[in-house]
Amino acid sequence: MSRRVRVSTIAYDPPKGSKNHVEEARYRMVSLADEAARAKPDIICFPEVSTTFGLSCEASMKEAEPVPGPTTDLLGAKAKEHNMYIVCPLIERCNGIYFNSAVLIGRRGEIVGVYHKYYPTVLEIESGITPGTEFTVLDTDIGRVGLSICFDLNFYDVADGLAEKEAEIVFWPSMYQGGFQHVVWATQYGMYMVSSYRGYSAIYDLTGVVLAETGYTFEAVAKGSIPPIASAEINMDRKLLHLDFNKEKFGAMTRKYGPKITIDILEPEDIFALGSEMDDVSVDDLIREFNLEHRSDYFERSKKARREALARAEYAPAVS
């Protein structure tokens, strides 16, 4: 069933030269949350370590805070005021252990869950950041929300873990843009990707298409020449499938449902995104009705066929 979700991502520029860096950062985050709320988003995302971005590693560690704590309390009030989720990244202190964290704050201002960066950089680890040990996917009223942070984007075991937990959309606060890596994750795993960085933030469709983006440089964002917030409405009731053995069903599907379904084909990659625009029929219902095959099932079937072919070949008589 069509699940329309409004997503906003923020290109946040940290305070410079402030004696009260963290307090100023919190003030800016609150102001940007208010600005983003004008688009009526269901969820917004800030960049990595938003409260301490721009400080040295040593100074950042000194400013670490608990969860819940001052920053999540302030943004929790904004989440409740605007009835939206907020992805709040910060340096977390928990029982004397330090994490690079992304906190999902709920519509009522509550803590829905916390993700600890699975792959901190070597510099972070040397500075005292402890790596996370779990891949985080959280159930919400907008769908299954996955979290990853910055350097994680380089490691497929993070993407595998999020996909295994059936993440539908992944929020990625960062200190670099990520670029084409988002397209790879989106099209390889069939997940919406939302990046949030100081200068460039973007929302990627599960077909890899950029749906909305902010400026390309943090200088342009800081000068106000490019909006610091990008927003898009997405349909969470979409799945990415392979064209093989499925495209033959397109005619029957469109004859019955017409514009009530969407089929977005990526012919070079041999995949397509199927979506439902109906309130009473979900994309999973469509897959069952027309006996469509999930990509993962198709690939497993292909692996099985290969194994069986090799087994037959092992006992086949030699060809003269």
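The values are calculated or read from the model by the stated rules, or taken from the named source; none is laboratory data. Being a predicted model, the structure only gives us computed values, none of them experimental. So basically every Cβ, Gly included, is an ideal-geometry build from the backbone, and we count neighbours across all protein chains shown.
Collect the residues in the stretch 271-298 that are out of contact with any Lys or Arg (no Cβ under 9 Å at 6 or more places or on another chain) and loosely packed, with under 12 Cβ neighbours inside 10 Å, keeping them in residue-number order.
279, 280, 288
For the stretch 133-158, name all the residues that are surrounded by fewer than 23 Cβ atoms within 10 Å (Cβ to Cβ) and small (Gly, Ala, Ser).
Within the stretch 133-158, just 143 meets the criteria.
Anything in the stretch 67-93 that is more than 16 Å from residue 50 (Cβ to Cβ) and surrounded by fewer than 15 Cβ atoms within 10 Å (Cβ to Cβ)? List them, or say none.
Of everything in the stretch 67-93, those that are more than 16 Å from residue 50 (Cβ to Cβ) and surrounded by fewer than 15 Cβ atoms within 10 Å (Cβ to Cβ) turn out to be 77, 81, 83.
Residue by residue through the stretch 101-144, note down the ones that are small (Gly, Ala, Ser) and in contact with a His (Cβ under 8 Å, 6 or more places away or on another chain). Give the steps one after another, and end with the answer.
At the first step, the residues of the stretch 101-144 found to be small (Gly, Ala, Ser) are 101-102, 106, 109, 113, 127-128, 132, 143.
101, 132 - these are the residues of the stretch 101-144 that are small (Gly, Ala, Ser) and in contact with a His (Cβ under 8 Å, 6 or more places away or on another chain).
Could you tell me whether residue 50 is of a type in the set (S, T, N, Q), crowded, with 20+ Cβ neighbours inside 10 Å, within 27 Å of residue 168 (Cα to Cα) and in the same structural domain as residue 116 (by TED's automatic domain parsing)? So that I can check it myself, show each step before the final result.
Details: of a type in the set (S, T, N, Q): yes; crowded, with 20+ Cβ neighbours inside 10 Å: yes; within 27 Å of residue 168 (Cα to Cα): yes; in the same structural domain as residue 116 (by TED's automatic domain parsing): yes.
Spelling it out, residue 50 is indeed of a type in the set (S, T, N, Q), crowded, with 20+ Cβ neighbours inside 10 Å, within 27 Å of residue 168 (Cα to Cα) and in the same structural domain as residue 116 (by TED's automatic domain parsing).
Identify the residue in the stretch 2-22 that is surrounded by 15 or more Cβ atoms within 10 Å (Cβ to Cβ) and closer than 13 Å to residue 142 by Cβ and, among all such residues, is modelled with the lowest pLDDT.
2
Here are some residues: 204, 197. Which one is touching a residue at least 40 places away in the same chain (Cβ under 8 Å) and crowded, with 23+ Cβ neighbours inside 10 Å?
Numbers: 204 fails: touching a residue at least 40 places away in the same chain (Cβ under 8 Å).
That would be 197, the only listed residue that is touching a residue at least 40 places away in the same chain (Cβ under 8 Å) and crowded, with 23+ Cβ neighbours inside 10 Å.
Would you pick out the residues in the stretch 4-47 that are out of contact with any His (no Cβ under 8 Å at 6 or more places or on another chain) and of a type in the set (Gly, Ala, Ser)?
8, 11, 17, 18, 25, 31, 36, 39
Residue by residue through the stretch 245-291, note down the ones that are among the charged types (D, E, K, R) and under 19 Å from residue 190 (Cβ atoms).
So the first thing to find is which residues in the stretch 245-291 are among the charged types (D, E, K, R), and the list is 247-249, 255-256, 260, 264, 267, 269-270, 277, 279-280, 284-285, 288-289.
Answer for the stretch 245-291, where residues must be among the charged types (D, E, K, R) and under 19 Å from residue 190 (Cβ atoms): 247, 249, 264, 267, 269, 270, 277, 284, 285, 288.
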